[in-house]
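Participant: Here it is, the structure, as structure tokens.
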Amino acid sequence: MGNATQPIEMAGNGAPSAAAPRDHFSQIAANWSYFGPPLRPSPSDTAVVQRAVARLRAGARTVVLGLTPEIVGCDWPADVRLTAVDHSPSMIQALWPPARGPKNAEAIQADWCAMPIESGTIDLVAGDGCYVLFAHPHGYAALTREVRRVLRNGGHFTIRVFLRPDEPESLADIAHAVAAGEVGSVHALKLRLLAALHGSSGDGSRLDDVWQAWKKLPPLPATLADARGWTAEEITGIESYLGMAARYFLPTLREFRQSVGAHLREVECAFSADELGERCPTFVLTRDD
Ligand SMILES: C[S@@+](CC[C@H](N)C(=O)[O-])C[C@H]1O[C@@H](n2cnc3c(N)ncnc32)[C@H](O)[C@@H]1O
């Protein structure tokens, strides 16, 4: 494990950049193995990252935002230098060293908005869903600026982003879809609830509001859950949102492009064919001085 730095929770304009507390993920880590796509990357999402990894030059320096096993476990060039950056000591303890990853990969405890990494030195930064934890627009801008700072000119940033649709769904729409068997997984249901509740109790979506909305849905008969492959553990996983004041921020596609486009150039925006793939594209962006 490398350096430890103090987390920075403020964006440059003095506004809070992060909307979830530092121990947020360790509070839900006990249930993390029961999270699945779209809340975790699917094989087709990971394939986009793998293509960027395959293009790396010999001796490339790379940064992973977080410890996402699907990213760290990509097929990296043998001589790559990979640094995983995560601000939570308990998450690092739980997930590091990884089951699969490049030789000599290191994890450092630091904030993504203040990485102890020299400017202009990184060939690839990769992350999954990281923006959702930042307030929009100032937190989003703070993260993009820091990623741009560490990238060398021509370096790439792969990031899967959770979006809300242009046309919001209502909770009644979602209840109908559940009853009609049109929601394939409890993870997709969570993402739909998060998007539907966006802005309903302030900026972003408060996790406790998602839990409250889930409790008001018509209960799923156990047999129906079984028939769809929803396990009891996955279903109770949503219980971890109970009482959580943390907020997730889901921009529209246009809002995300506007925010990130001020700092990085878009090379690719890949939508998977998986459930809600249209709401979770993986972007490949580049620093283009
Ligand atoms: C990468 S995110 C999202 C999870 C991801 N979708 C996955 O499949 O693993 C989760 C991780 O980000 C870390 N994290 C959240 N905000 C952070 C920040 N501002 N700086 C550094 N690490 C952060 C958490 O501690 C957690 O380990």
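The values are calculated or read from the model by the stated rules, or taken from the named source; none is laboratory data. Just so we're clear, the structure is a prediction, and the values are computed from it rather than from any experiment. Note: ideal-geometry Cβ built from the backbone for every residue, glycine included; neighbour counts use all protein chains shown. When the accessible area is computed, the model is the full protein with side chains, heavy atoms only, and any ligands, DNA or RNA have been set aside. Shrake-Rupley method; radii C 1.70, N 1.55, O 1.52, S 1.80 Å.
Participant: Order of 96-108, 130-142, 52-64 by packing, highest average Cβ count within 10 Å first? Before the final figure, lay out each step's value.
Facilitator: Working: 96-108: 15.5, 130-142: 21.9, 52-64: 17.4.
Put in order of decreasing packing, that is 130-142, 52-64, 96-108.
Participant: E182 to E118: FRET efficiency via 1/(1 + (r/R0)^6), r the Cβ-Cβ distance, R0 45 Å, to the nearest 0.05?
Facilitator: 0.35
Participant: Could you state the accessible area per residue of the chain in Å², with a 1.4 Å probe and every protein chain left in place? Mind showing how you got there, number by number?
Facilitator: Working: 12580 Å² over 289 residues.
Accessible surface, normalised per residue, equals 44 Å².
Participant: Using the membrane-span-like helix rule (whole DSSP H runs, Cα extent along the own axis of at least 24 Å, mean Kyte-Doolittle hydropathy at least 0.5), which helices of the chain qualify? Walk me through the numbers on the way to the answer.
Facilitator: On the way: long enough: none.
None pass (Cα extent of 24 Å or more, hydropathy at least 0.5).
Participant: Share of the chain's accessible area from carbon and sulfur, percent, 1.4 Å?
Facilitator: Heavy-atom surface of the chain belonging to carbon and sulfur, 1.4 Å probe: 53 percent.
Participant: For the stretch 171-248, what does the alpha-carbon gyration tensor say about shape, rounded, prolate or oblate, given a ≥ b ≥ c as the root eigenvalues, a/c under 1.5 as rounded, and a/b over b/c as prolate?
Facilitator: prolate
Participant: In addition: Rg/Rh for the chain: what does it come to with C-alpha atoms and Rh from Kirkwood?
Facilitator: On the way: Rg = 18.6 Å, Rh = 19.4 Å.
Radius of gyration over Kirkwood radius for the chain works out to 0.95.
Participant: Pop a pseudo-label 7 angstrom from the Cα along the beta-carbon direction at both R228 and A94 and give the gap in nm to one decimal.
Facilitator: The modelled label-to-label distance comes out at 2.5 nm.
Participant: Of the listed peptides 173-186, 149-162, 68-81, what is their order by residue-averaged count of other C-beta atoms within 10 Å, with the highest listed first?
Facilitator: Numbers: 173-186: 15.5, 149-162: 21.5, 68-81: 17.9.
Those peptides, ordered most packed to least, come out 149-162, 68-81, 173-186.
Participant: Moving on to the next point. Running Debye on the stretch 155-289 with equal point scatterers at the Cα sites and no solvent, what base-10 log of I(q)/I(0) appears at q = 0.15, 0.18, 0.19 Å⁻¹?
Facilitator: Rounded to two decimals, the profile gives -0.79, -1.04, -1.12.
Participant: Now a separate question. Could you work out the relative contact order of the stretch 171-248, using alpha carbon pairs under 8 angstrom and six or more residues apart, expressed as a whole percent?
Facilitator: This gives 38 percent for the stretch 171-248.
Participant: Further, regarding this structure: Which net charge results for the neighbourhood of E266, defined as the other residues with beta-carbon distances under 15 angstrom from its beta-carbon, given Lys and Arg at +1 and Asp and Glu at -1?
Facilitator: Values: positive: R148, R160, R254, R257, R265, R287; negative: E255, E268, D288.
With Lys, Arg at +1 and Asp, Glu at -1, the neighbours total +3.
Participant: Relative contact order for the chain using alpha-carbon pairs under 8 Å, separation at least 6, rounded to a whole percent?
Facilitator: 23 percent.
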